[in-house]
Amino acid sequence: MKQVNQVGVDVDSEALVCAAKHTGQRLPLATFANTAAGHKKFIRWATKGGRSAQVCLEATGIYSLEFALALHHAKQVEVMVVNPRAIKDFARACMQRAKTDAVDAGGILEYLERMPFAAWQPPATEILELQAINRRIAQLNAELTREKNRRHASQFAGASATAIAHDIEVNIHHLERRLERMHQSGLQLVRGVPALATKLAHLVSTKGIAEASAMRLLAELLVLPDDLAAPQWVAHAGLDPRPYESGTSVHRPRRITKVGNRHLRAALYMPALVAIQHEPNVKAFYNKLITAGKKPMQAVVAVMRKLLHAIWGMLKHDQDFDGNKFFKIAAKTA
């Protein structure tokens with residue numbers, strides 16, 4: 001009879017906390033680093049003795065994708081990636097009260113044991129390639145900004161810095177050419193896949209989202225499971241508000257968690273700023289928040305969050321941006 005280990009994994013930014021069973025017997029809790037080397041160690045541990053392994057984990061986006069891909073390509077391993085909402089509802093149904101990494105891993109293992117196994121299918125190759133291209137563009141843009149800052153500083157360094165300033169200028173032009181090549185590679189990839197081209201067209205129908213921003217957004221969003229709801233996208237981006245209260249006297253203003261995909265947050269920031277300036281419905285929503293006493297940055301973050309909801313609707317329902325669905329402007333009375 002084929003021997004199979006069943007493993008539930010709680011994934012975070014740094015660690016993989018693993019609860020496992022073999023032939024009905026619970027194995028000692030194990031923890032591995034959430035790195036490429038840690039993924040290899042996990043696979044060796046899960047398949048020790050030539051056994052096969054069924055692994056279940058939550059879809060936590062940026063933290064779980066690389067791990068899920070490593071498991072998908074490993075021999076003797078099957079992986080199931082589950083909507084976090086399903087795991088949460090299952091734990092509630094089991095009356096799970098405590099919440100620790102070990103308890104969460106045990107709950108995921110129990111979910112794996114009781115629910116039908118559905119093997120995970122990774123995002124299409126072109127989506128992963130698009131993500132790699134856009135993250136490389138982000139890296140090059142960061143380096144370009146640093147070089148421009150150095151150019152500005154060199155203007156105050158005197159005549160002795162002429163050679164340095166020239167070298168910086170050469171590197172700036174070099175980076176700009178590389179950025180343009182990467183941008184064109186991304187566009188060519190998107191336009192070569194009709195489904196991607198359609199999604200890109202929906203996004204750029206929004207005043208504030210140009211081609212470059214649309215590609216960045218698609219690259220981060222299309223790797224997520226299809227069954228995630230808009231609020232889960234918000235949580236994945238780290239744009240969900242977190243209350244900070246203690247007793248009856250401490251009630252600090254809510255701040256976003258920032259526990260999530262920083263690439264997605266960065267991709268939303270500039271489109272939100274431009275939309276506030278040029279999209280009437282977005283501007284009206286922003287102004288309403290300011291009138292209600294929100295600080296400008298709080299209002300911008302609220303626009304980012306609402307814009308992400310709008311993008312979810314546009315991609316799910318195959319529609320262009322509709323300003324009235326974003327925020328309906330009250331009709332002026334005579």
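Miscellaneous remarks
- Output for segment 303-334, where each listed residue is within 22 Å of Leu224 (Cβ to Cβ) and without any contact (Cβ under 8 Å) to a residue 40 or more places away in the chain: Val303, Lys306, Lys316, His317, Lys325
- Hits in segment 94-117 - residues which are modelled with pLDDT of 90 or more and outside any helix (DSSP H, G or I): Met115, Pro116, Phe117
- For Val170, the requirement of being free of Cβ contacts under 8 Å to residues at least 60 places away in the same chain, in a helix (DSSP H, G or I) and either out of contact with any helix residue (DSSP H, G or I) (no Cβ under 6 Å at 6 or more places or on another chain) or open to solvent by less than 80 Å² (accessible area, probe 1.4 Å) (or both) is met.
- Looking at Asn134, Asn149, Asn141, just one residue is assigned to a helix (DSSP H, G or I), over 27 Å from the mean Cα position of the chain (by Cα) and either more than 29 Å from Asn261 (Cα to Cα) or at pLDDT 90 or above (or both), and that residue is Asn149.
- Selection from segment 247-304 of residues that are among the aliphatic types (A, V, I, L, M), open to solvent by 90 Å² or more (accessible area, probe 1.4 Å) and modelled with pLDDT under 95: Met297
- Sole exception among (1) in contact (Cβ under 8 Å) with a residue 40 or more places away in the chain; (2) surrounded by 12 or more Cβ atoms within 10 Å (Cβ to Cβ) for Ala119, by number: (2)
- Scope segment 133-151; condition open to solvent by 60 Å² or more (accessible area, probe 1.4 Å) and without any contact (Cβ under 8 Å) to a residue 24 or more places away in the chain; matching residues: Gln139, Thr145, Arg146, Asn149, Arg150, Arg151
- Of the numbered criteria (1) touching a Cys at 6+ places or on another chain (Cβ under 7 Å); (2) within 24 Å of Ala37 (Cβ to Cβ); (3) open to solvent by 20 Å² or more (accessible area, probe 1.4 Å), the one Ala105 fails is (3).
- Qualifying position, being in contact with an Asp or Glu (Cβ under 7 Å, 6 or more places away or on another chain) and open to solvent by less than 40 Å² (accessible area, probe 1.4 Å), among Gly323, Gly313: Gly323
- Scan of segment 113-159 for residues that are in contact with a helix residue (DSSP H, G or I) (Cβ under 8 Å, 6 or more places away or on another chain) and of a type in the set (Asp, Glu), ordered by number: Glu126, Glu129, Glu143, Glu147
- You will find that of Leu222, Leu217, Leu203, the residue that is at pLDDT below 95 and closer than 30 Å to Val234 by Cα is Leu222 and no other.
- Residues in segment 17-71 that are of a type in the set (A, V, I, L, M, F, W, C), more than 17 Å from the chain's Cα centre (by Cα) and modelled with pLDDT under 90: 1 in all.
Here is a yes/no grid of residues against (1) out of contact with any Ser or Thr (no Cβ under 9 Å at 6 or more places or on another chain); (2) crowded, with 16+ Cβ neighbours inside 10 Å; (3) not hydroxyl-bearing (Ser, Thr, Tyr):
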| position | (1), (2), (3) |
| --- | --- |
| Ala153 | yes, no, yes |
| Glu176 | yes, no, yes |
| Gly186 | yes, yes, yes |
| Leu203 | no, yes, yes |
| Met215 | yes, yes, yes |
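The values are calculated or read from the model by the stated rules, or taken from the named source; none is laboratory data. Since the structure is predicted, the reported quantities are computational estimates derived from the model, not experimental observations. Every residue, glycine among them, receives a Cβ derived from its backbone with ideal geometry; neighbour counts consider all protein chains shown. The accessibility values were calculated without ligands, DNA or RNA, using every heavy atom of the protein model including side chains. Shrake-Rupley method; radii C 1.70, N 1.55, O 1.52, S 1.80 Å.
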